[in-house]
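First the structure, in the form of structure tokens, and then the observations on it.
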Amino acid sequence: MTVTTDFDPNAPLLDVDDVVIEYETRADGRLVAVDGVSFTVGRDETFGLVGESGCGKSTVAKAVLGLLPRNGHVTGGEIRYRGVDVASIDREQLNEIRWEHVSLISQGAMNALNPVHRISTQIVEAIQAHRDASKDDARERVGELFELVGLDPERMDDYPHQFSGGMKQRAYIAMALALEPDLIVADEPTTALDVIVQDQILKRINELKDQLDVSMLLISHDISVIAETCDRMGVMYSGHMMEHGDIKSLFRNPYNPYTLGLQNAFPTLFGEQKALVSIPGNPPDIAERPSGCQFAGRCPFATDRCLEAHPEVEQVGEDHFSACYRHDIIEDMRRRAPEQETWTERRTGPAEREEVADD
Ligand SMILES: Nc1ncnc2c1ncn2[C@@H]1O[C@H](COP(=O)(O)OP(=O)(O)O)[C@@H](O)[C@H]1O
Ligand SMILES: [Mg+2]
């Protein structure tokens, strides 16, 4: 089978362009989970998407693969794969794009392995469903894939229950790589595993992307995972893209107070080890999002203007974009962000400010 879709060879591999994604819910009506998010993933590039739980990362990942649940809809913008709007193609084409071009490794992927079939059988079937390969050839490929993900090929005829969680996740990654996709969407691929196994698998994924010329959209709530693995990154907060671009630029010269806060909250990989400083409070509830900057309620640098509307994304560097009204005091924000008092003092701030704004 070959995909008949007309791809544009000059377009970015993945172009998420001002995308809005809503969920229809019985209790709260339509909820905007992703609100005008844009970013691109180029060839042979790893793009990291980071943000606290509930900010919309998995919703973006599912939309890219056309796998939103029934009540989820892309209601604005476009998601283009090699220049082709994913929403404009039929199910059959989408099915071919999935696996052959784009494959998904999610947090629970290992549980997607069928418990009653040998792992080799499942991967052989996946290969034969898309490729004209003999069983022997497909089995040989499974052996190669096992080696690639760091599993012993001798174990390929095992059943999933004979594998540990980490091994199952590796086996699923092998399956996701079977058809040599151009883009892997890895949504918290190691979050369900213990820290040591997480580390090993991330290292392996890192080596694989260099070995296989594959692009990756790596999603994590942990900014240190992204820092270790990615070329470019995006920071999401409450449905919005707060800052995105070249990873070195984002780490060395962050422009967004939320990125500054996230960087404080995780151990640093660049530079000296310092005390972890957390951002007090929680993101707003999706059903009750404030009208201003989504982060204003937790931001130590927010002013009344920040309560009016969410800021537009502005270009702040060559490949560096940020949404914030306070870019003019960036040096001051960077200086004050590492101090815990900066964040805790703010705790009493937002309510008062909102009252002032209401007057
Ligand atoms: N099927 C669904 N129906 C309604 N709301 C949903 C559904 N899936 C996710 N959401 C909501 O959308 C928001 C974004 O969720 P998600 O994309 O899973 O975030 P993340 O992956 O960043 O944790 C959350 O508020 C979540 O509760
Ligand atoms: Mg998620």
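Throughout, read-outs are computed from the coordinates displayed, never taken from laboratory work. Please read these numbers as outputs of a predicted model, since none were measured by experiment. Ideal geometry is used to build each Cβ from the backbone, glycine not excepted, and the neighbour counts take in all protein chains shown.
A simple charge model with +1 on the Cβ of Lys and Arg, -1 on the Cβ of Asp and Glu and nothing else charged puts the dipole of segment 154-193 at about 160 debye relative to its Cα centre. With both labels modelled 7 Å from their Cα along Cα-to-Cβ, the His130 to Ser291 distance reads 4.8 nm. Full extension of the chain between Asn95 and Glu345 yields a length gain of 84.9 nm, computed as 0.36 nm times the residue separation minus the alpha carbon distance.
Note that segment 100-174 carries a Kirkwood radius of 12.4 Å, evaluated over its alpha carbons pair by pair.
Dipole of segment 141-291 computed with +1 at Lys/Arg Cβ and -1 at Asp/Glu Cβ about the Cα centre; of Gly143, Thr190, Met167, farthest Cα towards the positive end is Thr190. Rounded to the nearest 20, the size of the Cβ-charge dipole of segment 60-200 about its Cα centre is 440 debye, with Lys and Arg at +1 and Asp and Glu at -1. Take the alpha carbon gyration tensor of segment 135-233, find the square roots of its eigenvalues, order them as a ≥ b ≥ c, and report rounded if a/c is under 1.5; if not, report prolate when a/b exceeds b/c, else oblate. Cα axes put segment 135-233 in the oblate bin. Shown for Ile279, Ile286: other C-beta atoms within 10 Å of each C-beta, ranked fewest to most, produce the order Ile286, Ile279.
If both residues of a DSSP beta bridge must be in the chain, then about 60% of such bridges are antiparallel. Measure nothing fancy, just the Cα-based angle from helix 349-358's long axis to the longest principal axis of the chain, in degrees from 0 to 90, nearest 10. On a 0 to 90 degree scale, this one is about 70.
Give me Rg/Rg_expected for the chain, where Rg uses Cα atoms only and Rg_expected = 2.2 N^0.38 Å with N residues.
Against the empirical 2.2 N^0.38 Å value, I get 1.05 for the chain.
Modelled label positions at Leu212 and Ser164, each set 7 Å beyond Cα in the direction of Cβ, lie 2.2 nm from each other.
Projected onto their three principal axes, the Cα atoms of segment 1-144 cover extents of 51, 39, 28 Å, largest first. Distance from the C-alpha centroid of segment 173-201 to that of segment 44-73: 16 Å, rounded to the whole angstrom.
About its Cα centre, the dipole of the chain is roughly 760 debye, where the only charges are +1 on Lys and Arg Cβ and -1 on Asp and Glu Cβ.
Which value at 222 nm does the chain reach when only helices count, each DSSP H run of 4 or more adding -39,500 (n - 2.57), with the total divided by all residues and rounded to the nearest 500 deg cm²/dmol?
The helix contribution divided over the chain gives -10000 deg cm²/dmol.
In this structure the amide hydrogen of Met236, modeled in the peptide plane, comes within under 5 Å of the amide hydrogens of Val50, Gly51, Met242, none closer than 5 places in sequence on its chain.
Across Ala27, Ala287, Ala302, mean-square fluctuation computed from a Gaussian network of the chain (C-alpha pairs under 10 Å connected) peaks at Ala27.
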